[in-house]
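Below is one structure, written out as structure tokens; comments come after it.
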Amino acid sequence: MKSVVVTGASTGIGWGCAKVLIAKGFRVFGSVRKDADAARLSKDLGANFVPVLFDVTDAAAVKAGAEKVAAALGGEPLTGLVNNAGIAVPGPLLHLDIDEFRHQLEVNVTGQLIVTQAFVPLLIAQPARKVGPGRIVMISSVGGTNASPFVGAYNASKFALEGLSESLRRELMLFGIDVIIVAPGAVATPIWDKAETVDVERYANTPFAAALTKVRDYMITSGRKGLKPEKLGRAVWRALTIANPKTRYVVTPDRIQNFMVNVLPKRVIDRTIAGRLGLTRQK
């Protein structure tokens, strides 16, 4: 049986990946941070889901997780690694707590490299077993190439992840290990329920208060109308299995908007966003 590691499997995209991959006949080692999530997922997803407890920023715990997976594989190679775990830290950059910014990058960038370093040895081809190299799928975002106001920390992490992935893909050509980016747009996940609890009052005395509220409300509305996590799971399955994958897949419910922001001049996009949010300069 082919095996894949999926980080951040407790909810959302990670859960969707685990569900789809198991349905396609894979065994999924899913990283979670809580024993309760491990028990719930094992019950819901069945025997082919194997929980592995670690936080992606804890190098020692990730290493122990990789050792657990290696022991379970019993010498068999790993087919894929899906780097999905991540967080979103909102707020205007001029007023964002620097420790929160650091944490955003620590989880979404440094954590991805910690996991990759730990699991790449399990992806290397085994000619004696007639098994080729595995693949790495990085879960980025449409926000990895186009940034929005008030999620600058998140955008910075995803822009960084895009660069990390491209460098890694070229370095790992030495081993034949491919690195493929999957960039989702809005996905209907519990993260949008968390968005309702974002404390905009902490920025009430800044010039960004009104615009920040508009952005929060828009993200909640559009997110709840977003793609089902299973759709992202199917995109990841294709990235792991098709013969000649592209280097980057965009999966979004609004292809026209995504196309426009990638084609129109940046200044045009700037003015459009500023006009909608009231971020135009006051004379």
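Just wondering, is there one or more residues in the range 42-60 that are out of contact with any Ser or Thr (no Cβ under 7 Å at 6 or more places or on another chain), surrounded by 22 or more Cβ atoms within 10 Å (Cβ to Cβ), within 24 Å of Arg135 (Cβ to Cβ) and not aromatic (Phe, Trp, Tyr)? No, there is no match, as no residue in the range 42-60 is out of contact with any Ser or Thr (no Cβ under 7 Å at 6 or more places or on another chain), surrounded by 22 or more Cβ atoms within 10 Å (Cβ to Cβ), within 24 Å of Arg135 (Cβ to Cβ) and not aromatic (Phe, Trp, Tyr). Scanning the range 4-52 for residues that are touching an Asp or Glu at 6+ places or on another chain (Cβ under 7 Å) and farther than 22 Å from Val251 by Cβ yields a single hit, Arg33. For the range 136-149, residues that are surrounded by fewer than 24 Cβ atoms within 10 Å (Cβ to Cβ) and not in a helix (DSSP H, G or I) total 5. Tell me the residue from Leu73, Leu45, Leu41 that is within 24 Å of Gly176 (Cβ to Cβ), modelled with pLDDT of 95 or more and not basic (Lys, Arg), please. Unique residue meeting the criteria: Leu73.
Just checking, does the range 81-95 include any residue being farther than 21 Å from Arg135 by Cβ, in contact with an Asp or Glu (Cβ under 8 Å, 6 or more places away or on another chain) and not aliphatic (A, V, I, L, M)? Looking through the range 81-95, at least one residue is farther than 21 Å from Arg135 by Cβ, in contact with an Asp or Glu (Cβ under 8 Å, 6 or more places away or on another chain) and not aliphatic (A, V, I, L, M). Residues in the range 1-30 that are more than 22 Å from Ala88 (Cβ to Cβ), surrounded by fewer than 24 Cβ atoms within 10 Å (Cβ to Cβ) and in contact with a strand residue (DSSP E or B) (Cβ under 6 Å, 6 or more places away or on another chain): Met1, Ser3, Ile22, Phe26, Arg27. Would it be correct to say that Val89 is β-branched (Val, Ile, Thr) and at pLDDT 95 or above? Against the criterion (β-branched (Val, Ile, Thr) and at pLDDT 95 or above), Val89 does not qualify. Scanning the range 94-108 for residues being in contact (Cβ under 8 Å) with a residue 60 or more places away in the chain and loosely packed, with under 13 Cβ neighbours inside 10 Å gives a total of 1.
The values are calculated or read from the model by the stated rules, or taken from the named source; none is laboratory data. Model, not experiment: these values are computed from the prediction. Cβ: placed from backbone, ideal geometry, glycine included. Neighbour counts: every protein chain shown.
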